[in-house]
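The values are calculated or read from the model by the stated rules, or taken from the named source; none is laboratory data. Source: prediction; values computed, not measured. So basically every Cβ, Gly included, is an ideal-geometry build from the backbone, and we count neighbours across all protein chains shown.
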Amino acid sequence: MTDLHPVVGALGTSSERPADRFRFLHVVHRNYLVWRQLLGSALVGHLADPLLWLVGFGFGIGSLLPTVGGLTYLEFLGSGMLCYSVMNSASFEALYSAFTRLKHQRTWEGILHAPMTVTDIVIGEWVWAGLKGALSGAAILLVMAGLGLLKSFSALWLLPIVLLVGLAFSGIALVVTAVAKSYDMFTYYFSLFVMPMMLVSGVFFPAEQLPPIVRFTGELFPLSHATALARGLAVGAPLDHVVLHLAVIAIYAVLGLGLANNLIKKRLTK
């Protein structure tokens, strides 16, 4: 009897036992054990940057501004930085760390000597990077709570949402990792994709004031939809089209995973 592979669904079929569907968790656990040894530097690297932006710009520029869309600038920026932190953490893990395991340490090749498949590895890396993104988002959410920025307990709905956002960006980043020849390619990814997306997705300022074509382009990116959800649930901004926002983020997550799986299969089976 042929069963669909977990999470990936249409990526392929196999005649494996039901327990084999969760083999990717071994990859997640392996990465966690390595990360645990570097916990201090990892937390500083992924949390210090968004926290400095939040405190510096939130209190600095925020003291010069009245309100932004009915919110204080600290509230506006905090919800945007929450999503930025998730994106940044998930992307770094699925780019630099995953590429190191793929090319330099050749960890993935070693894992394939066990009863594991390429899809198991890709799903494991995808989930692990998504979890790291969610951890960063949860930390920013905790800081926002400490600053009194959260308006209600509806902000707790952001915990599963930031995991979905992390999976979306880890899927995209794994596609880049799959075709990268060296670390240099990641500079193009951040400079030509991440940075422009950040500027048109409402993280630092409302996207409504941008030219229509730029605003439309920004709405195609998952960061725009993540920011809208975070701003509505965390600080009480008007929130419409929740299903659409979730659907766009989920589509990026699934398509990114599927494409990365196919590309990495080709790379590892050459």
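For the condition over 16 Å from the mean Cα position of the chain (by Cα), within 20 Å of I121 (Cβ to Cβ) and at pLDDT 95 or above, I172 does not qualify. In the range 191-217, of all residues being of a type in the set (G, A, S) and buried (at least 22 other Cβ atoms within 10 Å of the Cβ), the one that is farthest from the chain's Cα centre (by Cα) corresponds to G202. Across the range 232-239, a minimum of one residue is classified as farther than 16 Å from Y84 by Cβ, exposed (fewer than 15 other Cβ atoms within 10 Å of the Cβ), out of contact with any strand residue (DSSP E or B) (no Cβ under 8 Å at 6 or more places or on another chain) and at pLDDT below 95. Just one of the listed residues (L158, L142, L163) is modelled with pLDDT of 95 or more, under 19 Å from S89 (Cα atoms) and either buried (at least 22 other Cβ atoms within 10 Å of the Cβ) or not acidic (D, E) (or both), and it is L163. Within the range 2-39, being in a helix (DSSP H, G or I), surrounded by 15 or more Cβ atoms within 10 Å (Cβ to Cβ), charged (D, E, K, R) and at pLDDT 80 or above holds for R21, R30.
Take the conditions within 28 Å of T107 (Cα to Cα), in contact (Cβ under 8 Å) with a residue 60 or more places away in the chain and under 17 Å from the mean Cα position of the chain (by Cα) and apply them to L257. Does it pass? So L257 passes the test.
Contact map, the range 189-216: first residue without any contact (Cβ under 8 Å) to a residue 24 or more places away in the chain, second residue β-branched (V, I, T) and assigned to a helix (DSSP H, G or I), Cβ cut-off under 7 Å, separation 6 or more or different chains; pairs are A207/V200; L210/V200; V214/V200.
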